[in-house]
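Student: Dropping a structure here in structure tokens format, bear with me for questions.
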Amino acid sequence: MFDVESVRKDFPMLNGKTMHGKPLIYIDNGATTLKPQCVIDTVCDYLTNYSGNAHRGDYDLSHEVDTKYEHVRDIVANFIHCDRNEVVYTYGSSDSLNLVAFGYGMTHLQKDDEVLITLAEHASNTLPWFEVCQATGSVVKYIDLDTEGKLTLDNVKKAITDKTKIISIAQVTNVIGHLAPIKEICQYAHEKGIIVVVDGAQSVPHRPVDVKDLDVDFLAFSAHKMCGPTGVGVLYGKYELLQETKPTRFGGGSNARYNSCGLIKLKNAPTKFETGTPNIEGVIGMGAAIEYLQNIGMDNITKYEEQLRAYAIKKMKALDNIEIYNENGIGPIAFNIKGVFSQDAASLFNTHGIAVRAGQHCAKILDEYLHVSQTLRASFYFYNTFEEIDAFIEACQKGDDFLDAFFG
Ligand SMILES: Cc1ncc(COP(=O)(O)O)c(C=O)c1O
């Protein structure tokens, strides 16, 4: 296991940053994470010392950029266990999922085909499919969640029909946060010729993910949810599927040649998807973030976060003013202070220096399952401490005082 106190020293925002006059307690890691100094330094180093373009120049500076930029593909490939040419740099999970929906779904779905998702998906794994299904005449259908909000293989089997072509699901959803049995789902789906797209935005930052072992067809994740910069992420795809996927953006860098008649010869994957000047500092920063996480150890991160979550759940359950919606989940804790509107409660936490998320968390059809329109969400990362959870629990207890202040 790692030493959390020494890890916290790596994060400038955990050393002196205050909110509402109190030391910051950041438990909104599902939204984005804090950045360690090594990531900040790596980005600054690029901007300060070698900020040329990638894949453009024939001079040493350009070569330096290309080497560092392309090396990150190896880092990612090692991190999720794939080949380097199966790593597409994108602008984040939303961009990755849009690329699969519009680049693969648009060309492979036909009228009446079915795409399976769940009610717990993030908007980024819902809206692109709505659009693509509308354009192709195919249909979005929902896999039932069980009584705890879990996605089970049995329910996947029940939802599959002869028309199912794609299943697109989060490995861990961003509100109710259960771990989906991805390996079993892939195995079953592949027997039926169905492609499985996995939204890894909330899983890849927190646990080891091996795409070869899981046998997923596509996997999307974002750097900023795992200590990296914003506006950069990855789409993993099996190489033959990436080759079948049409780019959704065209321009410089992604083509081998074209002529005035409009004939375009694209480069192979992944280059054909990466048109235009990319987020170079973002990609290089993402590489530093992944190496940082690997040094701590993904297994260690998972284990420590499980302990944090179990501790928080135990303490929250002891309070009678708290309603928890996903006691047995593994990711974020979705809850409410009874009788308090979630955004008002988030303001209360703010007065204690605690950052939690309130609202619908971009999962706007989840209320059709949860039957509650808004929740609070506490999401931890490996730099959070048990002491921070104690402070959070103390603030939860004050929810009642807040009600008095509100209505008094
Ligand atoms: C499960 C899930 N999918 C997709 C996304 C979108 O990620 P990004 O905003 O980095 O594109 C998020 C972000 O919160 C998420 O939690």
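Read-outs throughout are calculated quantities, based only on the coordinates presented, and are distinct from any laboratory measurement. Everything numeric in this text was worked out from a predicted model, so none of it was measured. Glycine gets a Cβ as well: all are built from the backbone with ideal geometry, and neighbour counts include every protein chain shown.
Student: Relative to the longest principal axis of the C-alpha atoms of the chain, give the angle of the C-alpha long axis of helix 60-80, reported between 0 and 90° and rounded to the nearest 10°.
Tutor: Approximately 60 degrees, to the nearest 10.
Student: State the answer as a single residue: which of Phe341, Val172, Phe218 lies farthest towards the positive end of the charge dipole of the chain, with beta carbon charges of +1 for Lys and Arg and -1 for Asp and Glu, about the Cα centre.
Tutor: Farthest towards the positive end: Phe218.
Student: Once phi is turned into ³J(HN,Hα) by the Karplus curve 6.51 cos²θ - 1.76 cosθ + 1.60 with θ = phi - 60°, what whole-Hz value does each residue of the stretch 212-220 show in order, with x for glycine and proline?
Tutor: My calculation for the stretch 212-220 gives 6, 5, 6, 6, 6, 8, 9, 9, 10 Hz in order.
Student: Something else now. Expressed as an acute angle from 0 to 90° and rounded to the nearest 10, what is the orientation of the C-alpha long axis of helix 280-296 relative to the principal long axis of the chain?
Tutor: 60 degrees
Student: Can you put Met106, Met226, Met286 in order, fewest other beta carbons within 10 Å first?
Tutor: Met106, Met226, Met286
Student: At a 10 angstrom cut-off on C-beta neighbours, averaged per residue, how do the peptides 119-128, 47-56, 369-378 rank from highest to lowest?
Tutor: Final packing ranking: 119-128, 369-378, 47-56.
Student: In nanometres, what is the gap between the two model label sites at Gln243 and Asn268, each 7 Å from Cα along Cα-to-Cβ?
Tutor: Taking the simple label geometry, Gln243 and Asn268 are separated by 0.8 nm.
Student: Could you give the dipole magnitude of the chain about its Cα centre, charging the beta-carbon of Lys and Arg +1 and that of Asp and Glu -1, in debye to the nearest 20?
Tutor: Roughly 700 debye for the chain.
Student: Pull out the extension gain between Phe250 and His81, defined as 0.36 nm times the separation in residues minus the alpha carbon to alpha carbon distance; nm, one decimal.
Tutor: The Phe250-His81 span can extend by a further 58.0 nm.
Student: Here's something else I'd like to know. Report the one residue of Phe2, Asn15, His63 whose Cα lies farthest in the direction of the positive end of the charge dipole of the stretch 2-73 (charges on C-beta: Lys and Arg +1, Asp and Glu -1; origin at the Cα centre).
Tutor: Checked the options; the winner is Asn15.
Student: Right, something else. At Met19 and Glu5, where each label point lies 7 Å from the Cα along Cα→Cβ, what is the point-to-point distance in nanometres?
Tutor: 2.5 nm
Student: If you average the C-alpha positions of the stretch 327-341 and of the stretch 62-79 separately, how far apart do those two centres end up, in angstrom?
Tutor: 40 Å
Student: Skipping prolines and chain starts, which residues have an amide H placed within reach, meaning under 5 Å, of the one on Gly233, given they are 5 or more residues away or on another chain?
Tutor: Hits under the 5 Å cutoff: Thr90, Tyr91, Gly92, Ala223.
Student: Relative to the present Cα-Cα distance, how much length would full extension add between Asn300 and Ser373 at 0.36 nm per residue of separation?
Tutor: Contour length minus Cα-Cα distance gives 22.8 nm.
Student: Something else: What net charge do the residues around Val4 carry, taking every other residue with its C-beta under 13 Å from that of Val4, with Lys and Arg at +1 and Asp and Glu at -1?
Tutor: That works out to -3.
Student: Rounded if a/c is under 1.5, else prolate if a/b beats b/c, else oblate: with a ≥ b ≥ c from the C-alpha gyration tensor eigenvalues square-rooted, which is the stretch 40-295?
Tutor: In terms of gyration-tensor shape, oblate.
Student: With θ taken as phi - 60° and the coefficients 6.51, -1.76 and 1.60, list the Karplus ³J(HN,Hα) couplings across the stretch 181-189 in order, rounded to whole Hz; mark glycine and proline as x.
Tutor: Each residue of the stretch 181-189 in turn: x, 4, 4, 5, 5, 4, 4, 5, 4 Hz.
Student: Do any trypsin sites (Lys or Arg not before Pro) in the stretch 215-269 lie in a loop, going by DSSP, with at most 14 other beta-carbon atoms within 10 Å of their beta carbon, and if so which?
Tutor: Arg249
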